[in-house]
Amino acid sequence: MKSRILLVEDDEFFAKVLKRQLERANFEVTHAADGQAGWEKFQETIFDLCILDVVMPRKDGFTLAGEIRATDFNIPIVFTSSRYMEQDRLQGFDIGADDYLVKPFNTDELISRIKVYIKRSRLLRSEKRIVYTVGNLVFDYSQLQLRHKENEAENHVRIAPKEAELLRYLCENSNKKLKREHILASVWGADGYLAQRVMDVYLSRLRRHIAMDPSIRIETFHGKGLMLVINEMDRTHIIEKA
């Protein structure tokens, strides 16, 4: 079955071209010409991914993404925009976007990223649960949740998909010195000033989250590397049926 994509774009010509290219790549694409129409279409159909323009009439892309995230925390969201402002891109990632592309962009690259995001999203929704026990914390990658195993009611955090990817990478490589460029390539698929700034934002959040267990920490090495430091004896990796 074809993956379904919601394309919300007010530039009719750009939307027509992009829709055609995505359909050639074997995606089923539904187009909406403004944010409000996009929200209505999102409520009518189950989609595998959303591509949202940032500046649109009736409802902007950031507002629409917030509404989508409140309904579906796992669905991949890709922003597109003609504006190349760092604050916009950081805001997009802060909402929980998987990507932010500035027009014009390479469509083949977009399609490659879409396939990765949809594959990851399906893993999150699959029957298998991927759970890490790290010290006194339980990180449920499949449910995008982080909790304290001894005080679950009070210490329970919902994290964004990209935060979950980053934390999973750190868990898989705990107690190892990791180069920043390797983390960026594995989690973001890119290495650049903006990607590094975004990673720093997510690392700051993760540090606040794991503060629930003082025995766990993320160490920085002269700005070039990172390490998730835990007691190896307390670390277990569990994959179980939901």
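The values are calculated or read from the model by the stated rules, or taken from the named source; none is laboratory data. These numbers were taken from a predicted model, which means no experiment stands behind them. Cβ sites come from the backbone with ideal geometry, for glycine too, and all protein chains shown count toward neighbours. Surface areas here come from the heavy atoms of the whole protein model, side chains and all, with no ligands, DNA or RNA. Shrake-Rupley method; radii C 1.70, N 1.55, O 1.52, S 1.80 Å.
What per residue convex hull volume, in Å³, do the alpha-carbon atoms of the stretch 11-55 yield?
Details: hull volume 3.1 nm³, N = 45.
Looking at the stretch 11-55, the number lands at 70 Å³ per residue.
List the pair-distance distribution P(r) of the stretch 59-128, using every Cα-Cα distance, as the percent of pairs falling in each 10 Å bin from 0 up to the bin containing the longest distance, rounded to whole percents.
Cα pair-distance distribution for the stretch 59-128, in percent: 19, 48, 29, 4.
Between His222 and Met85, what's the calculated FRET efficiency when r is the beta-carbon distance and R0 is 51 Å? Round to 0.05.
Working: r = 30 Å, r/R0 = 0.58.
The computed FRET efficiency comes out at 0.95.
Please enumerate, by chain and number, the lysines with C-alpha under 19 Å from the C-alpha of Lys115, excluding those fewer than 8 residues away in the same chain.
The qualifying lysines are Lys2, Lys19, Lys162.
For helix 35-44, what angle does its Cα long axis make with the longest principal axis of the chain, in degrees from 0 to 90 and rounded to 10?
For 35-44 against the chain, the angle is about 70 degrees.
Tell me the label-point distance for the pair Thr133, Arg158, using the 7 Å Cα-to-Cβ offset, in nm and rounded to one decimal.
For Thr133 paired with Arg158, the spin-label model returns 2.6 nm.
So, with a 1.4 angstrom probe, what is the percent of accessible area on the chain that is carbon and sulfur?
Numbers: 5820 of 12040 Å².
On the chain, the fraction of accessible area on carbon and sulfur atoms equals 48 percent.
Helix 12-24 against the longest principal axis of the chain: what's the angle in degrees, Cα atoms only, rounded to the nearest 10?
Relative to the chain, helix 12-24 is tipped by roughly 60 degrees.
Nearest 20 debye, what's the magnitude of the dipole of the chain about its Cα centre given +1 on Lys and Arg Cβ and -1 on Asp and Glu Cβ?
Details: 38 positive and 37 negative charges, 125 e Å.
Taking the Cα centre of the chain as origin, the dipole is about 600 debye.
Keeping all protein chains in place, calculate the accessible area per residue for the chain (probe 1.4 angstrom), answer in Å².
Values: 12040 Å² over 242 residues.
Heavy-atom SASA per residue in the chain reads 50 Å².
Could you give the angle, 0 to 90 degrees to the nearest 10, between helix 161-172's Cα long axis and the longest principal axis of the Cα atoms of the chain?
Rounded to the nearest ten degrees, it is 30.
Determine the sum of side-chain charges near Val17: Lys and Arg each +1, Asp and Glu each -1, restricted to other residues whose C-beta is under 12 angstrom from that of Val17.
Details: positive: Lys16, Lys19, Arg20, Arg24, Lys103; negative: Glu9, Asp11, Glu12, Glu23.
Here the charged neighbours net out to +1.
Cβ under 11 Å from Asp72's Cβ, Asp72 left aside: what net charge do those residues give with Lys, Arg +1 and Asp, Glu -1? List each step's numbers first, then the result.
Values: positive: Arg69, Arg125; negative: Asp48, Glu67.
Combined, the nearby Lys, Arg, Asp and Glu give 0.
Antiparallel versus total DSSP beta bridges in the chain: what percent is that, nearest 5? If you can, show how the numbers build up before the last one.
Values: 24 of 41 bridges.
Approximately 60 percent, going by the DSSP bridge assignments.
Just to verify a number: FRET efficiency for Phe73 and Asn175, C-beta to C-beta distance, R0 = 22 Å, to 0.05? Can you show the working numbers first?
Values: r = 30 Å, r/R0 = 1.35.
Efficiency, from the Cβ-Cβ distance: 0.15.
By how many nm would the segment from Arg24 to Arg4 lengthen if fully extended, with 0.36 nm per residue of separation less the alpha-carbon distance?
Values: separation 20, 0.36 × 20 = 7.20 nm, distance 1.31 nm.
Computed gain between Arg24 and Arg4 is 5.9 nm.
Taking Lys176 as the anchor, which lysines have their alpha carbon closer than 18 Å to its alpha carbon, excluding any fewer than eight residues away along the same chain?
Counting by Cα, and skipping residues close in sequence, Lys176 has these lysines nearby: Lys224.
Applying 1/(1 + (r/R0)^6) with R0 = 35 Å to the Cβ-Cβ distance of Arg125 and Asp60, what FRET efficiency is obtained, to the nearest 0.05?
Working: r = 28 Å, r/R0 = 0.80.
FRET efficiency, Arg125 to Asp60: 0.80.
Treat every Asp and Glu Cβ in the stretch 1-124 as -1 and every Lys and Arg Cβ as +1, leave all other atoms uncharged, and give the resulting dipole magnitude about the Cα centre to the nearest 20 debye. Each step should come with its number before you reach the end.
Numbers: 18 positive and 21 negative charges, 97 e Å.
The dipole of the stretch 1-124 has a size of about 460 debye.
So, with +1 on the Cβ of K and R and -1 on the Cβ of D and E, and no other charges, what is the size of the charge dipole of the stretch 39-111 about its Cα centre, to the nearest 20 debye?
Values: 7 positive and 14 negative charges, 53 e Å.
Charge dipole of the stretch 39-111: 260 debye, to the nearest 20.
If you take every DSSP beta bridge whose two residues both sit in the stretch 75-183, what share of them, in percent to the nearest 5, is antiparallel? Walk me through the numbers on the way to the answer.
Details: 11 of 15 bridges.
Counting DSSP beta bridges with both partners in the stretch 75-183, the antiparallel share is about 75 percent.
In whole Å and largest first, what semi-axes does the C-alpha gyration tensor of the chain yield when each eigenvalue is scaled by 5 and square-rooted? Could you put the intermediate results ahead of the total?
Details: eigenvalues 220, 77, 51 Å².
Ellipsoid half-lengths, sorted descending, are 33, 20, 16 Å.
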